[in-house]
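A short worksheet on the structure shown next.
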Amino acid sequence: DTKYTEEELETIFKEAKVAHRKKKEAAGDIGHQVHSAIEEWIKNPDAPVTLQDALGQTMLAHFKEWATKNKITFLASEKRIYSETHWVAGTLDMLFEKDGKTYVGDIKTTSGIWDRTPFFQCAGYGMMLKESEDIDIAGYCIVRLGKDGSFEEKWSMDVEGDKQGFLAALTLFKQLENYKK
């Protein structure tokens with residue numbers, strides 16, 4: 001049985017109160033670092049890219065292995081794009097070719113891919129690329145690099161269905177924003 005003074009308990013409670021935020025910020029930081037390292041590697045695959053964190057190195061190694069195994073040719077990384085038609089903009093993680101076809105890819109550092117939402121996001125980018133650069137997209141790939149060292153990839157070739165999902169989400173978002181006004 002450990003007995004704490006009132007001051008010690010107050011300190012423990014204060015730390016506990018913000019522990020979730022600190023954990024979330026640390027997790028977000030590793031995700032940002034890995035995204036940046038991947039962007040560096042895509043833009044210059046011959047240059048050494050290192051992360052000081054062992055987990056970050058594992059995540060980067062998984063990405064490199066995925067790209068090599070799939071014979072990916074990168075066309076862009078962290079590309080800013082927009083649509084005047086739909087009045088949206090974003091930054092796509094990667095645009096690449098595989099087997100002579102062009103794909104939009106997204107990198108996630110979450111604990112899982114739970115639904116089709118990431119494919120809707122990629123479809124939005126695909127629509128923007130078609131509008132601004134007349135690029136036809138064959139499908140989408142989500143590469144998940146887990147903060148527990150896990151790896152997952154999911155592909156969607158349902159380009160039209162994912163576009164419809166994106167447009168439905170965009171309509172809902174705009175209607176909810178209008179309500180706030």
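The values are calculated or read from the model by the stated rules, or taken from the named source; none is laboratory data. Note that the coordinates shown come from a computational prediction; the quantities given were computed from them, not determined experimentally. Every residue, glycine among them, receives a Cβ derived from its backbone with ideal geometry; neighbour counts consider all protein chains shown. Calculation scope for accessible area: heavy atoms of the full protein, side chains included, ligands and nucleic acids excluded. Shrake-Rupley method; radii C 1.70, N 1.55, O 1.52, S 1.80 Å.
Here's the yes/no breakdown for (1) modelled with pLDDT of 95 or more; (2) over 15 Å from the mean Cα position of the chain (by Cα); (3) among the small types (Gly, Ala, Ser):
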site: 44; (1), (2), (3): no, yes, no
site: 48; (1), (2), (3): no, yes, no
site: 51; (1), (2), (3): no, yes, no
site: 54; (1), (2), (3): no, yes, yes
site: 63; (1), (2), (3): yes, no, no
site: 66; (1), (2), (3): yes, yes, no
site: 74; (1), (2), (3): yes, yes, no
site: 79; (1), (2), (3): yes, no, no
For residues that are in contact (Cβ under 8 Å) with a residue 60 or more places away in the chain and over 17 Å from residue 83 (Cβ atoms), scanning just region 147-181, find the one that is surrounded by the most Cβ atoms within 10 Å (Cβ to Cβ). 147
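Select from region 129-143 the residues that are without any contact (Cβ under 8 Å) to a residue 60 or more places away in the chain and either in contact with a helix residue (DSSP H, G or I) (Cβ under 9 Å, 6 or more places away or on another chain) or open to solvent by less than 10 Å² (accessible area, probe 1.4 Å) (or both) and list them in ascending order. Steps first, please.
Our first condition is that a residue be without any contact (Cβ under 8 Å) to a residue 60 or more places away in the chain; within region 129-143, this holds for 129-142.
Those that are without any contact (Cβ under 8 Å) to a residue 60 or more places away in the chain and either in contact with a helix residue (DSSP H, G or I) (Cβ under 9 Å, 6 or more places away or on another chain) or open to solvent by less than 10 Å² (accessible area, probe 1.4 Å) (or both): 129, 135, 136, 137, 138, 139, 140, 141, 142.
Would you mention how many residues in region 56-65 are aliphatic (A, V, I, L, M) and surrounded by fewer than 17 Cβ atoms within 10 Å (Cβ to Cβ)? Outline the logic, then answer.
Pass one, region 56-65, residues aliphatic (A, V, I, L, M): 59-61.
Next, from what is left, pick out any that are surrounded by fewer than 17 Cβ atoms within 10 Å (Cβ to Cβ): 61.
The total comes to 1.
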Scanning for something surrounded by 13 or more Cβ atoms within 10 Å (Cβ to Cβ), out of contact with any helix residue (DSSP H, G or I) (no Cβ under 7 Å at 6 or more places or on another chain), hydroxyl-bearing (Ser, Thr, Tyr) and modelled with pLDDT of 95 or more, does region 89-108 turn up at least one residue? yes
Return the residue satisfying two criteria in turn: it lies in region 27-49 and is part of a loop (DSSP other than H, G, I, E, B) and either within 17 Å of residue 66 (Cβ to Cβ) or touching a residue at least 12 places away in the same chain (Cβ under 8 Å) (or both), and of such residues it is least open to solvent (accessible area, probe 1.4 Å). 49
